[in-house]
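Colleague: Questions regarding the structure given below will be posed in turn.
The values are calculated or read from the model by the stated rules, or taken from the named source; none is laboratory data. Keep in mind the model is a prediction, meaning the values are calculated, not measured. Here the Cβ is made from the backbone with ideal geometry for all residues, glycine too, and neighbour counts use every protein chain on show.
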């Protein structure tokens, strides 16, 4: 059967059986692990990393393991599913906790880590967690040697392998040897890579004859082969198995011992190393992706080496795993890249193709207004506390629309922290797309709230909050003003990039004494792109009909991975918005709207005057919101 036929005949490319955990990476680098103060939470576990990496490279991977019935287990499940991994066989263990690993970067060659895996969920994997149909649905089964360390998980592994052999599913062994996980090193010595053990070798032996591919570091090959001499260990594995054997050699690349008897080296990529943890998982994901695409071992290993090179230059493992687009770009330019982490193009491709949520039309109700609502409340002698209450009722209107439409996942809100803190938390927990305002209303030059150096405040925001920043900007503004605006936006861009937050940049060019023509917004966008700023979203006032082709062209020129443009309302009447929608809808780069006062403005004024009650306010806003959504959906090709 050809590769293409095999791909079409089976629902999955690779089932990854093994470790699924949470990694907590120390954020202070170069010091003692004892002195680390804060940790970043990532998906972890060798098998989960491989499944995650395969999905990012475009393959259909599935996770066969267990997680705990707690928040960490749900995090692992959601992280895998979010990347496109099938989690139908990621069981929830009612008794065990999800595995946890603490990791640090204490120096160039010092990567301490502590495994919290006592009676952990992934080691609860049982033989009845899967059946023959599931194993037969995949082209490959990738298993971890760690799961041979206990009788129950070893039995599950051997059952899976037997089913794979019976149904033509190829078997890959990732030796994955950590002495501490076999009880051969102290609890605090998680970084230990090799302790000779005939018992471990004996546990591995039953697997070897059934494997089509065996992958490991030099230390892992020595433990699987039962000899401290590498060549002798390779020969011992060859005597037991006809598998292709891949020896990972870190920066030097890898050595392939093919099933046809040939041995050859595939060089690595000379990049500067920040963190070696997870590089092997990245290598295996890349190797398998190339192999399953029909590449020869030389090309497949080159892809694997490239994946490993990118991961060692970054913090963490799973979040550092590259996309297919990113790998192709790196391979085309690798000779000139020593610091992938500092390469602006790679950094942007990584963020745009891995971290951003899928691009789709959004219908956003923006009620982050502060100054306008303060003025409105003041005009009626109302306390500002009424603004917070109003925002809660606007959120009720969003809930009302969500309850009666079939496209709830496309609904979103933009809210401020000053008066909408409770709404932000509520909308986040309910799963809406959430934009969060950061600018001080009306500031020109731009000022941010609560402070202009935004990095630390952003660190306290939920990771899925999109940073919304409105800047009143025209490319013909006075030079001093324009430079001040650009400096502030550039600083914010760097902060959002460093913290993995999406940026929505709202540009309002009109109403400040400058003439706006077909080229004004395009010139503004081009200027920010030339400054290196590539926001996930643009929010723009409805431009003139002749401006849309220019806007689409400039975004596609600089950032074809941009999520797109959302239209703002500027308190325009519905008839005017309708005309703007009609002009925008034919252009794919426009992905919907983020409209505020045009929806809630009139009902809010009536409510503050005491002319309508809470229930009428909510229904009026919901009706206007849903009517605007229907208008956009009718116009959209």
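Colleague: Just to verify a result, which residue in region 466-484, among those that are surrounded by fewer than 20 Cβ atoms within 10 Å (Cβ to Cβ) and in contact (Cβ under 8 Å) with a residue 12 or more places away in the chain, is farthest from residue 517 (Cα to Cα)?
Modeller: Keep residues of region 466-484 that are surrounded by fewer than 20 Cβ atoms within 10 Å (Cβ to Cβ), which gives 475-476, 478-484.
Filter once more, so that each one left must be in contact (Cβ under 8 Å) with a residue 12 or more places away in the chain: 475-476, 481, 484.
On the way: 475: 11, 476: 12, 481: 20, 484: 23 Å.
Restricting to residues being surrounded by fewer than 20 Cβ atoms within 10 Å (Cβ to Cβ) and in contact (Cβ under 8 Å) with a residue 12 or more places away in the chain, the top hit is 484.
Colleague: Within the bounds of region 255-262, is there any residue that is closer than 16 Å to residue 330 by Cα and outside any strand (DSSP E or B)?
Modeller: Restricting attention to region 255-262, the residues satisfying the condition of being closer than 16 Å to residue 330 by Cα are none.
The answer is no, given that none of the residues of region 255-262 is closer than 16 Å to residue 330 by Cα and outside any strand (DSSP E or B).
Colleague: I've got another one for you. How many residues does region 110-129 hold that are part of a loop (DSSP other than H, G, I, E, B), surrounded by fewer than 21 Cβ atoms within 10 Å (Cβ to Cβ) and touching a helix residue (DSSP H, G or I) at 6+ places or on another chain (Cβ under 8 Å)?
Modeller: Adding up the residues that qualify gives 2.
Let's see how each residue does on (1) in a strand (DSSP E or B); (2) in contact with a helix residue (DSSP H, G or I) (Cβ under 7 Å, 6 or more places away or on another chain); (3) at pLDDT below 95:
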position	(1), (2), (3)
364	yes, no, no
381	no, no, yes
386	no, yes, no
389	no, no, no
392	no, yes, no
396	no, yes, no
400	no, yes, no
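Colleague: Just one of 592, 532, 564 is touching a strand residue (DSSP E or B) at 6+ places or on another chain (Cβ under 7 Å), at pLDDT 95 or above and surrounded by fewer than 21 Cβ atoms within 10 Å (Cβ to Cβ); which is it?
Modeller: Numbers: 592 fails: surrounded by fewer than 21 Cβ atoms within 10 Å (Cβ to Cβ); 532 fails: touching a strand residue (DSSP E or B) at 6+ places or on another chain (Cβ under 7 Å).
Every option except 564 fails the conditions.
Colleague: Need the failing condition index for residue 178 against (1) at pLDDT below 95; (2) surrounded by fewer than 21 Cβ atoms within 10 Å (Cβ to Cβ), just the number.
Modeller: (2) is the only condition that residue 178 fails.
Colleague: Does residue 372 meet the test of being closer than 30 Å to residue 310 by Cβ, in contact (Cβ under 8 Å) with a residue 60 or more places away in the chain and either in contact with a helix residue (DSSP H, G or I) (Cβ under 9 Å, 6 or more places away or on another chain) or in the same structural domain as residue 607 (by TED's automatic domain parsing) (or both)? Break it down into steps so the answer makes sense when it comes.
Modeller: Working: closer than 30 Å to residue 310 by Cβ: no; in contact (Cβ under 8 Å) with a residue 60 or more places away in the chain: yes; either in contact with a helix residue (DSSP H, G or I) (Cβ under 9 Å, 6 or more places away or on another chain) or in the same structural domain as residue 607 (by TED's automatic domain parsing) (or both): yes.
In short, no.
Colleague: Could I ask something else about it? Out of region 284-310, which residues are part of a helix (DSSP H, G or I) and under 15 Å from residue 14 (Cα atoms)?
Modeller: Step one: of region 284-310, the residues part of a helix (DSSP H, G or I) are 284-292, 297-310.
Hits for region 284-310 are 284, 285, 286, 287, 288, 289, 290, 291, 292.
Matching residues to (1) without any contact (Cβ under 8 Å) to a residue 12 or more places away in the chain; (2) assigned to a helix (DSSP H, G or I); (3) within 27 Å of the chain's Cα centre (by Cα):
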| position | (1), (2), (3) |
| --- | --- |
| 528 | no, yes, yes |
| 534 | no, no, yes |
| 556 | no, yes, yes |
| 611 | yes, no, no |
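Colleague: I need a count of the residues in region 485-509 that are in a loop (DSSP other than H, G, I, E, B) and buried (at least 21 other Cβ atoms within 10 Å of the Cβ).
Modeller: So in region 485-509, the residues in a loop (DSSP other than H, G, I, E, B) come out as 499-502, 509.
Narrowing the set further to residues that are buried (at least 21 other Cβ atoms within 10 Å of the Cβ) leaves 501-502, 509.
Result for region 485-509: 3.
Colleague: What helices (runs of 4 or more DSSP H) completely inside region 140-233 contain at least 1 residues that are within 28 Å of residue 110 (Cα to Cα) and in the same structural domain as residue 10 (by TED's automatic domain parsing)? Spell out how you get there, then give the answer.
Modeller: Values: elements: 151-166, 198-204, 218-225.
Ranges flagged: 198-204, 218-225.
Colleague: Right, something else. Among the residues of region 73-104, count how many are more than 17 Å from the chain's Cα centre (by Cα) and part of a helix (DSSP H, G or I). Can you show your working first?
Modeller: Step one: filter region 73-104 for residues more than 17 Å from the chain's Cα centre (by Cα), giving 73, 88-104.
Restricting the remaining residues to those that are part of a helix (DSSP H, G or I) gives 73.
Count: 1.
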